[in-house]
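Please read the structure below before turning to the comments.
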Amino acid sequence: MGKRRAGRELVRSLSKKQKKHLKEFGEEHPFYDKVFLLLLLQLCFPFQSEDSDKSSAESDSETEVEQVSVYHKLLATLRTSPEPESEEDASDSEESGESETEMGSEGSQENGEADGSEEEKNDEQEQKEATDPPEQMLGLEQADGADASGERSHGVIEEFTDVKHESEFSLETNFMEEESGEHKADKGDSDSSQAAAKDPFKQHMDKEFKEKEVEMMSTLPKTSNQSKWPRLGQLSFSSSLEKHKILKADREIAVKQLYLHKPLECTWPKVNKQFLSSVNKQSDPSFTPLQRELFCIMNAYWDLFYPERNALTNGEEIRLAYCLHALNHVLKANAQVLSNNAKRRDQKPGAESDDYRDQGLTRPKVLMIVPFRECALRIVHIFISLLEGDGKKKIDVSNKKRFKGEFGSDPEEKPPNLKRPEDYEAVFAGNIDDHFRIGVAILQKSMRLYAPFYSSDIIIASPLGMRTIIGAEGEKKRDFDFLSSIEILIIDQADIYLMQNWEHVLHLMKHMNLLPLDSHGVDFSRVRMLNLNNWSRYYRQTLLFSALQDPQINSIFNKHCFNYVGQVAVRNVPLRGSISQIVVQLPHVFRRLEAENITSVMDTRFQFFVDKVLPEFRDAVMSHTLLFVPSYFDYVRLRNYFKKEELNFTHICEYSKKAAVCRARRFFLKGEKHFLLLTERFHFYKRYLIKGIRNLIFYELPTYSHFYSEICNMMKATENGVDATWTCTVLYSKYDAQKLAAVVGVERAAQMLQSKKDVHLFVTGEN
């Protein structure tokens, strides 16, 4: 098939004369034959023959500059011209390498309305791409050099999955004897059976409930208790069980007390050594204070919400902790299955027992949701390090080279002259593609990447990657049965999904732990009763990590977490807000709006802005006004209103093209446009410096509190600015309590919410 397709493409590329000659003589004219031309050139330029051989053999990464001759010009004509896509990529990389202060001269005579019409088309195109069916989006994941078995159907390339190693990583056909001798010795050890009974994994998964108890857990309200831990701070424990234990922080804990799977006991201290310091006590040489308290909660199988993850400080510490917990869970579960396989093989024929119920309806046990491919790359590297330890015993990792090629990044791709804040560099490091999913199978001392989902133990994916495979109701190609028996759900960097598409996260949570539509070859005699009764969601542990507290993230934790053990949420209040990081002298006016309920806040805010705020800024004296809009829906509404009222404005959003952004920034800096509408998502992904701001309006408090101080500090870049003329106006309601506390501090926020009046603050740059 490949030869026929290549032949058809070759015929299509021929001109009319070439086709006529091919039809008459059965071959291509020698003049158009590249081999003939090369021979002709070698005859005409014999002294260049060796160089031509070298040039064809050497890679494109040659750095030597040679003198251009007629011979090389003729050789250049033989090279295949680059495809348009590669040219566009090259132009994009060149544009991204330009300094952000450089403004394009093209289109200076175009007005803001023309930009708006182009941007509306871009918005429609982006929204259409975001709602493409999964079979169209799957083609994005197919890498170069894919398997020849991948067939094209309707122009879509199926994603790569490893089929070769299916039997080697099958839980049904492997036995415990193939593992290390340490586990063989444990079989006859009486102490090991007592230790297994205390193992948190066994205690959690072997817990049995009656149907009435499950109904009570789903209907009765949860009881809450408060506790304060040395490192995590204020914790809120909630559970639907009548009698539930409250965890206490262990200041000193030994690795053996954690019931880690045996290989991890040795490898964990070595892998985590980079985060340990001399401050740690000798009795606890393997965990940092944060890791110790987090793992104490994880290992007890409580649901956890930690809203203080920071990519600069503790991000990698947390990643190591939950990777240890996930890998420990998988190794224990697989070891149990392999041990029971050996017992069933040795039992007498005809003997049946329910003692071997050790599996779910599908194999995947852990689902890890991360925003970018770089995060998946780091997680897999941690898994390999935890399994290898000191590096003397290398584990077998299938498809490792392919994985590095698809999930790795080239340091040269990043333009060297772009300067961004440290937190931006930490979040957007490496490969930041947000559409991916990969299955990982772990068996004894081997790891299989790109395993089919129904043969995987761990699935690492982005919300978009899960959304395209889950699909929507009515679509033909959709699949979510592999989510039926997920026992640990880890959602890391949840705040970034607010900037991507939060609907993908909600869509995923609605399809978690549902009964599968197909059996997928499962042995029902090995399936746990909790899975057969459709109670798996009450046994699923959810670990949620975020950089901030947000009502939408809180809703996920409160409404979609049903773990019978209970939920633990870190509830520390910010004593000092981000307003203390402002370095310019600036008066802040916080204007409160009253809304009847949370559903009417958007309409109330818009009407309040149009009636009371906007008239104050229409005057020419109040030019250079930046309107910061966190929500894209509010941005579209304001843009349409400004156009209807024929106001002098320009606008920038996350869908704006580079040329439109340059024009808008230039118009605003020169004062040709009175208003500039700016979305929070654009600032999150670009972090451009907006010059010329004299008046600042926060249509709503930003999702990220430090964006408030960043935008305000942009005023110091204004040339010939007078401090007394700078203003900052903020709209807020009682439903913005969390965001308000993150900006002004919890004490001041409480006073502002009680007063129900506009509040005037003046920041001197020191408070």
Assuming R0 = 51 Å, what is the FRET efficiency of ASP611 and ASN225, from their Cβ-Cβ distance, to the nearest 0.05? 0.65
So how much slack lies between SER277 and LYS419, counting 0.36 nm per residue of separation and subtracting their Cα-Cα distance, in nm? 48.0 nm
Roughly how many debye, to the nearest 20, is the charge dipole of region 636-767 about its Cα centre, given +1 on each Lys and Arg Cβ, -1 on each Asp and Glu Cβ, and no other charges? 640 debye
For region 372-380, take each phi angle, set θ = phi - 60°, evaluate the Karplus expression 6.51 cos²θ - 1.76 cosθ + 1.60, and give the result in whole Hz per residue in order, putting x for glycine and proline. 10, 4, 4, 5, 5, 4, 5, 5, 5
Stretch gain in nm, segment HIS381-LYS445, where the contour uses 0.36 nm per residue and the Cα spacing is subtracted: 21.6 nm
Taking N as the number of residues in region 392-526, what value does Rg over Cα atoms divided by 2.2 N^0.38 Å take? 1.26
Suppose R0 equals 35 Å. What FRET efficiency, 1/(1 + (r/R0)^6) with r the Cβ-Cβ distance, do ALA659 and VAL589 give to the nearest 0.05? 0.50
Reported to the nearest 10 Å², TYR424 has, with a 1.4 Å probe, an accessible area equal to 40 Å²
Spin-label model distance (nm) - ALA429 vs VAL255, 7 Å beyond Cα toward Cβ: 2.5 nm
Using bins 10 angstrom wide from zero, how does P(r) for region 457-598 break down, in % of all Cα pairs? 9, 31, 30, 16, 9, 4, 1, 0
Place the peptides 303-310, 645-652 in order of packing, highest mean first, counting for every residue the other Cβ atoms within 10 Å and averaging per peptide. 303-310, 645-652
Distance violations [Cα-Cα > 20 Å] among LYS212/LYS365; LYS612/LYS670; LYS212/LYS510; LYS691/LYS739; LYS198/LYS256: LYS212/LYS365; LYS612/LYS670; LYS212/LYS510; LYS691/LYS739
Just to be sure I understand the model, the point goes 7 Å from the Cα along the line to the Cβ. What's the resulting LEU515 to ASN554 distance in nm? 3.6 nm
In region 374-448, what percent of the accessible surface is made up of carbon and sulfur (1.4 Å probe, ligands and nucleic acids excluded)? 49 percent
DSSP-loop trypsin sites (Lys or Arg not before Pro) across region 454-563, with at most 15 other Cβ within 10 angstrom: LYS476, LYS477
What's the ranking of 203-216, 624-637 by average number of surrounding C-beta atoms within 10 Å, highest first? 624-637, 203-216
Take the Cα coordinates of region 645-758, assign each an equal point scatterer, and use the Debye formula without solvent to give log10 I(q)/I(0) at q = 0.10, 0.17, 0.24 Å⁻¹. -0.34, -0.92, -1.41
Here the FRET efficiency for ASN534 versus ASN597, based on Cβ atoms and R0 = 41 Å and rounded to 0.05, is 0.75
Sparse-neighbour loop sites [trypsin sites (Lys or Arg not before Pro); region 328-432; at most 13 other C-beta within 10 Å; DSSP]: LYS392, LYS393, LYS394, LYS419
Non-local amide H neighbours of MET447 (under 5 Å, H modeled in plane, Pro and chain starts lacking H): which ones? ASP396, VAL397, SER398
Give me the percent relative contact order of region 578-764, please, defined on Cα pairs under 8 angstrom at least 6 residues apart. 38 percent
Under a 1.4 Å probe, what is the accessible area of region 578-764 per residue, stated in Å²? 42 Å²
Could you work out how much longer the chain between LYS348 and GLN581 gets when fully extended? Use 0.36 nm per residue separation minus the Cα distance between them, nm to one decimal. 76.6 nm
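The values are calculated or read from the model by the stated rules, or taken from the named source; none is laboratory data. Fair warning: this is a prediction, and the values are worked out from it, not measured in the lab. Counting neighbours? That spans all protein chains shown, and the Cβs are built from the backbone with ideal geometry, glycine included. SASA here: full protein model, heavy atoms, side chains in, ligands and nucleic acids out. Shrake-Rupley method; radii C 1.70, N 1.55, O 1.52, S 1.80 Å.
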